[in-house]
Amino acid sequence: MKLDYISPKEESVFTLTNFSCEPSMQLLEKKGFYKILWAKERDTTIIVDGYRMELLKNQVVFCTPLNIMELTKGSGLLAIVFNREFYCIRDHDQEVSCYGFLFFGSSLPPVVSLSEKEIKSFEALFFMFREEFETKDAIQGEMLRVLLKRMLIKATRMIKKDQHATPLQTPQYDLVRQYHVLVEQHFKEKHTVSDYAELLFKSPKTLSNLFKKTGDSAPLKIINERIMLEAKRLLFYSDKTAEEIGYELGFNEAAHFSKFFKNQTGVPPATFKKKHKQRLS
């Protein structure tokens, strides 16, 4: 199954698929697409940025256009794939508040586990998505966007509930999101908590206390994990040397990058790349 909405005028694309055909598999190779994958039929394994990720049945994972994905045809997944032209997560954040939670909120794609009630809700939404593809008219795109927004709002509420056992006030939620978003925007040149505290007009201690309260990773760990995600992605999927990657990620000396990488993984970049290839082969 591969159902497409395409608007040449807006250059927008929205696809509903179960990755059962070759054209749908080719979506994984295209750049600039958000992907929401639901392991609807069974447990399955996907590879995201070179790492195996086990998805249990009725778990949903949210991937940004930066995430490089691999999966097998007919893996039991039901997916929504769309580009920024169809729905820009950042520009419409006031509508759904998912920027920094579902997308660009951590070094790894967030996973939501659906309860029995939520399964029924998602099934109803996907039924409405499929139904909307049967109607070709001037407002089809807008109807699909309305359904997508509804899904993103529901998922954002779920991930807030999962991640933050301690009740937080809305300003605190917003601060957590802003921090994640700023790290996504500046991780290549800003490597300290103080850098982001200054952008947020807060002290590093205030940020540390807040993240401890939420149960989220420590602020410095979030920065380091984002740098490492990009470093590993470049090691796995580009021909750049460790030295070139280090400079791209804001390290003035190749030795500084190598030391940072080894502190995070226990081995130098070249050794890590070699071991990873052997593990996947």
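Step through the table entries Lys154/Lys262; Lys30/Lys221; Lys205/Lys274; Lys212/Lys240, compare each Cα-Cα distance with 32 Å, and write down the pairs that go over it.
Working: Lys154/Lys262 39 Å; Lys30/Lys221 30 Å; Lys205/Lys274 39 Å; Lys212/Lys240 37 Å.
Cα-Cα > 32 Å for Lys154/Lys262; Lys205/Lys274; Lys212/Lys240; rest within.
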### Message
For Glu41, what accessible surface area do you get with a 1.4 Å probe? Give it in Å², rounded to 10.
### Response
110
### Query
Each residue of the stretch 220-234 in turn: what ³J(HN,Hα) in whole Hz from Karplus with 6.51, -1.76, 1.60 and θ = phi - 60°, glycine and Pro shown as x?
5, 4, 4, 5, 5, 5, 5, 4, 5, 4, 5, 4, 5, 4, 5
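Is it possible to state the helix-based mean residue ellipticity at 222 nm for the chain, with each DSSP H run of 4+ residues giving -39500 (n - 2.57), the sum divided by total residues, to the nearest 500 deg cm²/dmol? What is it? Show your work: numbers first, answer last.
Working: 11 runs with 135 residues, N = 281.
When only DSSP H runs of four or more count, the value is -15000 deg cm²/dmol.
Quick check on the stretch 1-158: take the gyration tensor over C-alpha atoms, sort the square-rooted eigenvalues as a ≥ b ≥ c, and tell me if it's rounded (a/c under 1.5), prolate or oblate.
Working: a/c = 1.26, a/b = 1.20, b/c = 1.05.
Verdict is rounded for the stretch 1-158.
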## Note on the structure
Taking a probe of 1.4 Å and leaving out DNA, RNA and ligands, the chain shows per residue an accessible area in Å² of 51
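Can you pick out the pairs among Lys40/Lys73; Lys190/Lys259; Lys31/Lys188; Lys57/Lys213 whose Cα atoms lie more than 19 Å from each other?
Cα-Cα > 19 Å for Lys31/Lys188; Lys57/Lys213; rest within.
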### Query
Which whole-number percentage describes the relative contact order of the chain, with Cα contacts under 8 Å and a sequence gap of 6 or more?
14
### Task
Compute the Cα gyration tensor for the stretch 134-259, then decide on rounded, prolate or oblate, letting a ≥ b ≥ c be the square roots of its eigenvalues: rounded whenever a/c is under 1.5, prolate when a/b is larger than b/c in the other cases, and oblate in all that remain.
oblate
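The values are calculated or read from the model by the stated rules, or taken from the named source; none is laboratory data. None of the values given here were measured: they were computed from a predicted structure. Accessible surface areas use protein heavy atoms only, side chains included; no ligands, DNA or RNA. Shrake-Rupley method; radii C 1.70, N 1.55, O 1.52, S 1.80 Å.
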